[in-house]
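One structure is given here, and the rest of the page talks about it.
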Amino acid sequence: MKAATTHGARRTIASSLGESSMTGTSGGMDYSPVAMMPDVKVIKIGGQSILDRGRSAVFPILDEIVAAKAKGHKVLVNCGGGTRARHIYSIANDLDMPTGLLAALGGYVPRQNARMVQMLLAKHGGVFMLHDDFEKLPVYFSMGCIPVMTGMPPFGYWEKPSAKGQIPAHRTDAGVFLSAEVLGAKRAIFVKDEDGLYTDDPKKNPKATHIKRISASELLKADLPDLVIERIVIEYLNRAQSCSELQIVNGLKKGQLTRALEGEDVGTIIHKG
Amino acid sequence: MKNGNGNGSGKLVAGDGRTHIESPLMRESLVDRRVVEKTHTDTELAILPDVILVGIGGQSIFDRGRSAILPLVEELAAAKKKKHRMVLGVGGGTRVRHTISVALDLGLPTGGIAQLVGAMEEANAVFLNALLAKHGTIVMQREHFWELPLYLDSGKVPIIISTPPYHFWEPPPEKGPLPTHGSDFGLFIHGEVLGMERLIFVKDEDGLYDKDPKKHKDAKLIRHTTLEAILENPPEELILDSMLFETWRHARHVKQIQIVNGLVKGQLTRALAGENVGTIIEKASLMKRSAKPVAAKKSAAKKSAAKKTTSKKQARRAA
């Protein structure tokens, strides 16, 4: 570590990136990534699809999570927002609020949902965690806990505006994918109320057909007007270092989540490529 | 998506196994492009439009120490006396590069690297605050976001943390493992979400060049350009993060970014006074819309624009 000391000069620390402007995309360094906690199962419980249904949908899913933990799985539970988030977005949109405000405001709802789920899982080791607690995950798992957090990434006011519309592009699906990616987990599991991906919204179009396995590139190329998962996650999938698969399962069908946690290809798999 | 008839009644709606709150987005898939597009507004709320954001380079200014920083501190103190409403931010400089090079060598994931770097930007914000405190500055911690108007109205100049809080959740970059949401982007998005129209970046060059002036003697200074021109034909080396320009493409408020040389006494002062020094980059599409000087109030123009958009939207919906 040598420092240039000329009066008025930049005092730089010599490093492989010392003189780089860092405004480009590559530092030109060798890089072999390490996975932080590749065995963690990162799952998301849908807001509108599951949590807004209440007890009848939520309790059986939590039973499956508790059983998976008892078998030794490390499960990180993330929660979606749902209809209250939609209501917040509607009001904020009516008031012409910027996207960053919608992201910050929308963040309150999945946090509430995570607190609800924690209360239900408390007797089985459920702990509520904030983004700032992420580094404590190893403690939670070694204590036999089931950490529960919001699916929303912490971007909030710093969320980027989109080309069209005010709805933040990074919502709870994105946060869950990014959690899996940084942990080095191969798959992120999304628990929804459909068997996965369809050619259109099956709730509105009865002719929509189920897709079992599809690559991110194929999906982007198909340019569907609606998707089961946030569009930006599909875009990120092809750039991911670790998380190369998104699995969407139907939480209303008993056992689907358990099978997914065991590594079975149920529901829809969207893979990198 | 204007309600028009004020129908956000908040009524609870059940019947499909879920309980909804009545709103225009009820039951909608927020992934559906058609739904998202309907939420678009051209008259987005500007929260603090009259505030100017000043970003001070880390490597370009701060790493030079006293001889570069103290004259700037004097200029900032004088600007504060003139009651400029401004927010300051500082880059992290060479220690960020060192952090990243060590982290890359260790193979830390992109999100892990992003979790580390903001500490250096925050340290520089603390440095700057120590120098300016007697003139009335305060470091704004992120959780005190909404104290910004309080600081400004009580005559304080807030110093914000430039790196955005993407942390472990930094999106995977298009190429390579380096996080792309750095301090220039962070300051930009902070200004944009608050509806600011002008940002000034203080660096150690007279502005934006067609190539890196530190490497090429024949590099030409670009005095005036547009975002659109930069996106269409990007210079070899950009003096600001490329993510800033990518994001500016979709931004609704920031109209002008000025890059000035902090090593040349008075350039920042002149820029704050609205003078045409350094490089001025404008977002042409936003300039056209207002067709008024950036600093001018525009509430009347905004109102008529709002009417127009609403009727356009109604027409679209009717069709």
Quiz item: Can you name the residue in the range A:137-159 that is without any contact (Cβ under 8 Å) to a residue 24 or more places away in the chain and of a type in the set (S, T, Y) and is also nearest to the other protein chains (Cβ to nearest Cβ) among such residues?
Solution: A:Y140
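Are any of the residues in the range B:124-142 closer than 19 Å to B:L48 by Cα, under 18 Å from the mean Cα position of the chain (by Cα), assigned to a helix (DSSP H, G or I) and without any contact (Cβ under 8 Å) to a residue 60 or more places away in the chain? Write out each step before concluding.
Our first condition is that a residue be closer than 19 Å to B:L48 by Cα; within the range B:124-142, this holds for B:137-142.
Now restrict to residues that are under 18 Å from the mean Cα position of the chain (by Cα): B:139-142.
Adding the requirement that they be assigned to a helix (DSSP H, G or I) leaves B:142.
So of that shortlist, the ones also without any contact (Cβ under 8 Å) to a residue 60 or more places away in the chain come out as B:142.
Among the residues of the range B:124-142, at least one is closer than 19 Å to B:L48 by Cα, under 18 Å from the mean Cα position of the chain (by Cα), assigned to a helix (DSSP H, G or I) and without any contact (Cβ under 8 Å) to a residue 60 or more places away in the chain, which makes the answer yes.
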Quiz prompt | Among the residues listed as B:D218, B:D153, the single one being surrounded by fewer than 18 Cβ atoms within 10 Å (Cβ to Cβ), more than 10 Å from chain A (Cβ to nearest Cβ) and closer than 24 Å to A:A9 by Cα | solution = B:D218
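Is it true that A:R111 is closer than 25 Å to A:L246 by Cα, within 8 Å of another protein chain (Cβ to nearest Cβ), in a helix (DSSP H, G or I) and not small (G, A, S)? Explain how you work it out, then say what you get.
Numbers: closer than 25 Å to A:L246 by Cα: yes; within 8 Å of another protein chain (Cβ to nearest Cβ): no; in a helix (DSSP H, G or I): yes; not small (G, A, S): yes.
When the stated conditions are applied, A:R111 does not pass them.
Results for (1) without any contact (Cβ under 8 Å) to a residue 40 or more places away in the chain; (2) within 14 Å of another protein chain (Cβ to nearest Cβ); (3) surrounded by 16 or more Cβ atoms within 10 Å (Cβ to Cβ), shown as yes or no for each residue.
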| position | (1), (2), (3) |
| --- | --- |
| A:L197 | no, yes, yes |
| A:K203 | yes, yes, no |
| A:K221 | yes, no, no |
| A:I229 | no, yes, yes |
| A:E245 | no, no, yes |
Quiz item: Any idea which of (1) assigned to a helix (DSSP H, G or I); (2) touching a residue at least 12 places away in the same chain (Cβ under 8 Å); (3) more than 7 Å from chain A (Cβ to nearest Cβ) is the one B:V87 doesn't satisfy?
Solution: (1)
Quiz item: Which is out of contact with any Pro (no Cβ under 7 Å at 6 or more places or on another chain), of a type outside the set (D, E, K, R) and either surrounded by 24 or more Cβ atoms within 10 Å (Cβ to Cβ) or within 13 Å of another protein chain (Cβ to nearest Cβ) (or both), of B:H167, B:H135, B:H190?
Solution: B:H190
Quiz item: Does A:D193 qualify as being modelled with pLDDT under 90 and at negative phi?
Solution: no
Exercise. Could you run through the range A:160-178 and say how many residues are within 7 Å of another protein chain (Cβ to nearest Cβ) and of a type in the set (G, A, S)?
Key: 4
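Only one residue in B:H224, B:H181, B:H250 is at negative phi and touching a residue at least 60 places away in the same chain (Cβ under 8 Å). Which one?
Numbers: B:H224 fails: touching a residue at least 60 places away in the same chain (Cβ under 8 Å); B:H250 fails: touching a residue at least 60 places away in the same chain (Cβ under 8 Å).
Only one candidate passes the filter, namely B:H181.
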Exercise. Could you grab me the full set of residues in the range A:41-51 that are touching a His at 6+ places or on another chain (Cβ under 9 Å) and at pLDDT 95 or above?
Key: A:K41
Exercise. State yes or no: is B:V254 surrounded by 19 or more Cβ atoms within 10 Å (Cβ to Cβ), at pLDDT 90 or above and under 26 Å from B:V90 (Cβ atoms)?
Key: yes
Self-check item: Pairs where the first residue, in the range A:164-184, is touching a residue at least 24 places away in the same chain (Cβ under 8 Å) and the second is in a loop (DSSP other than H, G, I, E, B) and β-branched (V, I, T), C-beta under 7 Å, 6+ apart
Solution: A:Q166/B:T39; A:Q166/B:T41; A:I167/B:T39; A:D173/A:I229
Quiz prompt | Selection count, the range A:81-108, where residues are outside any helix (DSSP H, G or I) and either of a type in the set (F, W, Y) or at the interface with chain B (Cβ under 7 Å from one of its Cβ atoms) (or both) | solution = 4
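So that you can scan it fast, the table gives a plain yes or no per residue for (1) surrounded by 23 or more Cβ atoms within 10 Å (Cβ to Cβ); (2) under 24 Å from A:V249 (Cβ atoms); (3) of a type outside the set (A, V, I, L, M):
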position: A:P38; (1), (2), (3): no, yes, yes
position: A:I65; (1), (2), (3): yes, yes, no
position: A:T83; (1), (2), (3): yes, yes, yes
position: A:M116; (1), (2), (3): no, yes, no
position: A:L121; (1), (2), (3): no, yes, no
position: A:H124; (1), (2), (3): no, yes, yes
position: A:K136; (1), (2), (3): no, no, yes
Self-check item: the range A:229-258, subset touching a Phe, Trp or Tyr at 6+ places or on another chain (Cβ under 7 Å) and part of a loop (DSSP other than H, G, I, E, B), residue farthest from B:P173 (Cα to Cα)
Solution: A:I229
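Return yes or no: is A:V182 within 30 Å of A:A70 (Cβ to Cβ) and outside any helix (DSSP H, G or I)? Full working, then the answer.
Values: within 30 Å of A:A70 (Cβ to Cβ): yes; outside any helix (DSSP H, G or I): no.
In short, no.
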Quiz prompt | Of all residues in the range B:112-121 being without any contact (Cβ under 8 Å) to a residue 60 or more places away in the chain and under 18 Å from A:P33 (Cα atoms), the one that is farthest from the other protein chains (Cβ to nearest Cβ) | solution = B:L116
Exercise. Pull up the range B:90-111, narrow it to residues that are facing another protein chain (nearest Cβ under 10 Å) and touching a strand residue (DSSP E or B) at 6+ places or on another chain (Cβ under 8 Å), then point me to the one that is nearest to A:P153 (Cα to Cα).
Key: B:G91
Self-check item: Condition broken by B:L76, with the remaining ones in (1) facing another protein chain (nearest Cβ under 7 Å); (2) in contact (Cβ under 8 Å) with a residue 60 or more places away in the chain; (3) part of a helix (DSSP H, G or I); (4) not aromatic (F, W, Y) satisfied
Solution: (1)
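The values are calculated or read from the model by the stated rules, or taken from the named source; none is laboratory data. Given the structure is predicted, the values throughout are model-derived calculations rather than measurements. For neighbour counting, all protein chains shown are included, and Cβ atoms are generated from backbone atoms with ideal geometry for every residue, glycine included.
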